[in-house]
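What follows is a set of notes on a single structure, which appears directly below.
The values are calculated or read from the model by the stated rules, or taken from the named source; none is laboratory data. Everything numeric in this text was worked out from a predicted model, so none of it was measured. As a convention, Cβ positions derive from the backbone with ideal geometry for all residues, glycine included, and neighbour counts pool all protein chains shown. Calculation scope for accessible area: heavy atoms of the full protein, side chains included, ligands and nucleic acids excluded. Shrake-Rupley method; radii C 1.70, N 1.55, O 1.52, S 1.80 Å.
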Amino acid sequence: MFEGVQSVYLFAATLRMATPLILASTGAMFSELSGVTNLGIEGMMLCGAFAGSVITYLTQNVSLGILAAIVAGGLMAGVHALFSVRYKADQIVTGIAINIFASGITQYLLALVFGSVGNSKAVSVRISAVNVPLLSKIPVIGPVLNGQLWVVYLALVLPFMARWVVYHTAFGLRIRAAGELPEAVATAGIRVNRLRYIGVIISGLLAGLAGAYLSIGLVDTFRRDMTAGRGYIALAALILGKWKPLGVLAAAIFFGFADALQMRLQMASLPVQFIQMVPYLVTIIALAGVVGKSRAPSAINKPYEED
């Protein structure tokens, strides 16, 4: 199973399954480093997936579909920021409310636009794959990487870019300070809540892109609640990665491997219900192993009252 061409398929599938987790968890990292818990990632991904599928179907333009998905995720994040940052609502409750709202509104709009509560009509254009002839000649790595959708390559590069932003720019320093000691940020004349707005909206933009990858990348239709808990797994990757970009990348790939493995196991004579729970079981076990060892930003989930 793990030899030859089978291992290539497995590890290539791992990257495909890990991509939405990497995008969503990296985005959530900016939100939580700024001090805002974002349980609404699941709903932001779902809205992005729906918007991407609908706009691509209506316009036959995948670029517009991706843009719509990113905007939809950003708008949902803006709602989360409005209630959590400005109105000081409980961040966890707000995030869960967004997930519930996203599930309901996408089902309603699905019926309104397509006359179906199950899935949308298939799009004729999807996110394109990239074939690099020289890459395919590299032993082991080449066959795994070559031919992936361009979003996969973006996801692999993104955590390294995020690491540079978080640890080597003034913006990154301010974001981290807003989540650790917001009073010090305010003393320096910087608006804490503005930084938190930015952090939350970044999370929504990337979650929206992750949703588009699901509905017009991996498949060609939007299906009811198609995120299937990936937003929560992305948050688990964030915790397992200790709120650090490269740690988040490693954790997301780990969960992506579990997802890819369960797809391979479906060819075995095992109950399908047991196989499908593998990614979630791995998530629970992984989180149980890091509880008490990972330290969240000190001021997370604590509203800040600006003068």
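What to note about this one:
- Segment A228-A250, length gained on full extension (0.36 nm per residue, minus Cα span): 5.8 nm
- Flagged links, alpha-carbon separation over 28 Å, of K137/K242; K121/K242; K88/K244; K137/K244: K137/K242; K121/K242; K137/K244
- Two-site FRET efficiency, I138 against Y9, from Cβ-Cβ distance with R₀ of 25 Å, rounded to 0.05: 0.90
- Residues with amide H under 5 Å from that of V219, placed H, sequence gap 5 or more: none
- Computed from phi, the 3J(HN,Hα) profile of segment 107-112 under the Karplus parametrisation 6.51, -1.76, 1.60 (θ = phi - 60°) reads 5, 5, 5, 4, 5, 5 Hz, with x in place of Gly and Pro.
- In nm, spacing of pseudo-spin labels at L58 and A89 (7 Å Cα→C-beta vector): 2.6
- Each of the peptides 93-99, 29-35, 214-220 was scored by the mean count of other Cβ atoms within 10 Å over its residues; in descending order, highest first, they stand as 29-35, 214-220, 93-99.
- Helix 192-213 vs. the chain, principal-axis angle (Cα, 0 to 90°, nearest 10): 10
- Net charge of Cβ neighbours under 13 Å - reference P245; Lys, Arg +1; Asp, Glu -1: +3
- Angle between the chain longest axis and helix 62-81 axis [Cα atoms, degrees, rounded to 10]: 30
- Within straight-line reach of K302, meaning a Cα separation under 16 Å, sit the following aspartates and glutamates at least 8 residues removed in sequence or on another chain: E32, D90, E180, E183.
- For A299, distant residues with modelled amide H under 5 Å away: E180
- For T187 and I105, the FRET efficiency from 1/(1 + (r/R0)^6), where r spans their Cβ atoms and R0 equals 45 Å, is about 0.65.
- Spacing of the two label points (7 Å from each Cα toward its C-beta) at M277 and A122, in nm: 3.3
- Here the 3J(HN,Hα) profile of segment 129-137, calculated from phi with Karplus coefficients 6.51, -1.76 and 1.60 at θ = phi - 60°, is 8, 10, 10, 10, x, 5, 5, 5, 8 Hz, Gly and Pro shown as x.
- Dipole of the chain, positive direction: furthest Cα of F171, Y57, A69, with charges on the beta-carbon: F171
- Acute angle (nearest 10 degrees) that the helix 245-265 long axis makes with the longest principal axis of the chain, alpha-carbon atoms: 30
- The portion of the accessible surface of segment 50-97 made up by carbon and sulfur, rounded to a whole percent, is 73 (1.4 Å probe; DNA, RNA and ligands excluded).
- Scanning the chain for trypsin sites (Lys or Arg not before Pro) that sit in a DSSP loop and have at most 11 other Cβ atoms within 10 Å, the longest stretch containing none of them is 138-292.
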